[in-house]
Amino acid sequence: MHSGFACLRNASRQAGRPPYGGNMTDASTDIQHHNVVIIGGGNAGLSVAGRLGRYGVPDVAVIEPRENHLYQPMFSHVAGGTAPAAKATRPQASVIPKGVSWIQARVASIDPDAKTVTLTSGRSIGYGQLIVCPGIQKNWNAVPGLAEAMESPVGISNYEFEYAEKAWSVLRAVRSGTVVFTQPAGPATCAGASQKPMYLACDFWRETGVLADIRVVLVVPTPTLFGMPLIDAELERKVAEYGIEVHYDRELVEVDAAQKSIVIAGDDARTELPGAQSRLDGDGTITRETLAYDVLHAVPPQSAPDWLAESALPVAGDAGGFVEVDSLTLRHPRYPDVWALGDAAATTNSKSGGALRQQTKTLAKNLAAAVEGKPLPQVYNGYSVCPFVVSRQTVVFAEFDDRYRPKPTIPFWKGLAKERRATFIADRYVLPWVYWNLILKGLA
Ligand SMILES: Cc1cc2nc3c(=O)[nH]c(=O)nc-3n(C[C@H](O)[C@H](O)[C@H](O)COP(=O)(O)OP(=O)(O)OC[C@H]3O[C@@H](n4cnc5c(N)ncnc54)[C@H](O)[C@@H]3O)c2cc1C
């Protein structure tokens with residue numbers, strides 16, 4: 001085994017450092033070392049740190065710049081008016097698992113040959129094992145005019161905490177006019193979450209008697225609302241119930257904030273495209289359409305963080321930029337001391353927090369075994385989840401594998417994929433409690 005704690009212990013002896021001593025500094029290079037360095041203290045980073053502690057792995061450090069931790073699934077409830085913004089955030093210091101060091105800083109680059117990461121301050125940190133999980137990058141500037149539109153009084157989104165807070169005050173005030181919701185093409189974190197504030201707002205407008213006066217438009221990049229027949233049928237029923245006008249196979253390509261109009265486009269010749277890939281790079285004829293809006297709820301195109309895409313870790317020649325890993329073991333195939341999970345990993349599953357419950361267990365068990373020179377004991381099975389909040393009381397709970405085949409938690413029972421009150425309670429109240437109290441501590 002050329003990697004791991006054994007190696008670091010030897011290196012420590014050579015450098016006159018104690019084995020496993022946290023915050024060790026190599027006097028000759030002034031580089032701080034940790035046995036395990038985790039980039040990103042979000043859902044993935046903290047959960048895996050908590051699990052590593054439980055599995056007896058010492059000296060774990062998390063590099064995370066944010067003062068406040070964000071529970072992103074709650075953003076949809078905040079934007080749709082079923083939760084206050086305070087439910088989505090807690091001070092980072094209060095959620096770092098016990099025994100884990102927090103380095104409040106931002107990573108600028110990774111050198112997997114030298115086994116160091118460099119912070120934006122210029123400081124370097126050495127590692128025995130590196131876990132890469134800085135999440136996904138939201139590219140507000142990728143659509144001309146979109147960033148500007150979001151700063152206008154009627155530009156809102158559940159994909160950014162500040163815009164989600166603003167969203168409900170805008171949506172609740174609508175009495176008539178056109179409200180457009182857009183879902184991006186390409187990789188996205190919990191892509192279906194783009195639709196959730198729409199269903200919540202429609203239910204509110206129906207309750208307050210104004211829904212019939214509002215033209216609600218949904219733009220999706222896919223030929224169906226989700227991609228699983230069972231879930232599509234439930235969502236189509238809700239779309240019909242609320243009278244939502246859906247533009248399938250289209251994506252947002254331009255926004256004119258001053259005119260309050262958007263351009264959506266798609267290539268109808270490319271109906272064979274699976275998933276949510278962009279339909280604009282084919283050789284067919286691009287159809288463009290301009291729509292006027294009174295309120296625009298937009299979700300931006302997303303990608304791996306730029307600095308990560310420029311590192312040696314992504315799949316060679318792949319423009320996506322996500323960290324190459326064995327989708328089963330979550331270990332990097334070229335750098336065995338590097339691991340990745342969550343939204344920044346090039347795993348085959350749909351990116352979600354639900355996927356992480358299994359990913360963190362897999363990665364932590366495998367890393368703990370690897371450093372002891374044992375075979376990797378755990379595989380990740382591609383499970384993912386998207387709880388579609390379809391009213392202010394009900395959820396359609398989509399559970400699926402990396403090929404969008406049903407993967408229900410309760411085996412052989414597809415009942416959770418039907419609109420239910422119980423799954424709303426789980427999504428709004430139970431899962432958040434589990435997140436703050438168990439998941440972030442590596443206990444679930
Ligand atoms: C609106 C919305 C709704 C969602 N709804 C659901 C849902 O209902 N169910 C579900 O399962 N999932 C949902 N998700 C997806 C879920 O939130 C993500 O899959 C999950 O948070 C991914 O975890 P992560 O740790 O990979 O990334 P994140 O949780 O985003 O954490 C990444 C962390 O890395 C830090 N970071 C970034 N850059 C650097 C750097 N250079 N150096 C150091 N640290 C850095 C960030 O500050 C952040 O704290 C939703 C996501 C969104 C946006």
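The values are calculated or read from the model by the stated rules, or taken from the named source; none is laboratory data. Bear in mind the structure is a predicted one, so any value in this text is a computation, not a measurement. All Cβ positions, glycine included, derive from the backbone under ideal geometry; neighbour counts span all protein chains shown.
Listed conditions (1) under 18 Å from the mean Cα position of the chain (by Cα); (2) without any contact (Cβ under 8 Å) to a residue 24 or more places away in the chain are all met by residue 114, apart from (1).
Kindly establish whether residue 13 is modelled with pLDDT under 95 and part of a loop (DSSP other than H, G, I, E, B). No, not satisfied.
Of everything in the range 312-323 that is part of a loop (DSSP other than H, G, I, E, B) and surrounded by fewer than 21 Cβ atoms within 10 Å (Cβ to Cβ), the residue that is farthest from the ligand (Cβ to nearest atom) is 317.
Being in the same structural domain as residue 204 (by TED's automatic domain parsing), aromatic (Phe, Trp, Tyr) and surrounded by 15 or more Cβ atoms within 10 Å (Cβ to Cβ) is a property that does not hold for residue 127. Taking the range 326-444 as the region of interest, the strands (runs of 3 or more DSSP E) fully inside it that hold 2 or more residues being touching a residue at least 24 places away in the same chain (Cβ under 8 Å) and more than 10 Å from the ligand (Cβ to nearest atom) are 338-340, 395-400.
Every condition in (1) in contact with an Asp or Glu (Cβ under 7 Å, 6 or more places away or on another chain); (2) surrounded by fewer than 24 Cβ atoms within 10 Å (Cβ to Cβ) holds for residue 387 except the one numbered (2). What about residue 138, is it at negative phi, crowded, with 18+ Cβ neighbours inside 10 Å and among the charged types (D, E, K, R)? Here the answer is yes, as residue 138 does meet what is asked.
Report whether or not residue 175 is in a loop (DSSP other than H, G, I, E, B), touching a residue at least 12 places away in the same chain (Cβ under 8 Å) and surrounded by fewer than 20 Cβ atoms within 10 Å (Cβ to Cβ). For residue 175, the condition - in a loop (DSSP other than H, G, I, E, B), touching a residue at least 12 places away in the same chain (Cβ under 8 Å) and surrounded by fewer than 20 Cβ atoms within 10 Å (Cβ to Cβ) - is met.
Looking at the range 164-198, which of its residues are within 11 Å of the ligand (Cβ to nearest atom) and either under 16 Å from residue 210 (Cβ atoms) or among the hydroxyl-bearing types (Ser, Thr, Tyr) (or both)? Step through it out loud before you land on a result.
First, the residues of the range 164-198 that are within 11 Å of the ligand (Cβ to nearest atom): 164, 167, 188-197.
Hits for the range 164-198 are 189, 194.
Listed here are the residues, each with its yes/no results for (1) touching a residue at least 60 places away in the same chain (Cβ under 8 Å); (2) among the hydrophobic types (A, V, I, L, M, F, W, C).
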| residue | (1), (2) |
| --- | --- |
| 61 | yes, yes |
| 85 | yes, yes |
| 88 | yes, yes |
| 97 | yes, no |
| 102 | yes, yes |
| 105 | no, yes |
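Rundown of residues vs (1) in a helix (DSSP H, G or I); (2) among the acidic types (Asp, Glu); (3) over 26 Å from the mean Cα position of the chain (by Cα), yes/no style:
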{"site": "186", "(1), (2), (3)": "no, no, no"}
{"site": "198", "(1), (2), (3)": "yes, no, no"}
{"site": "206", "(1), (2), (3)": "yes, no, yes"}
{"site": "226", "(1), (2), (3)": "no, no, no"}
{"site": "232", "(1), (2), (3)": "yes, yes, no"}
{"site": "258", "(1), (2), (3)": "no, no, yes"}
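Scanning the range 330-351 for residues that are hydroxyl-bearing (Ser, Thr, Tyr) and surrounded by fewer than 24 Cβ atoms within 10 Å (Cβ to Cβ) gives 335, 348.
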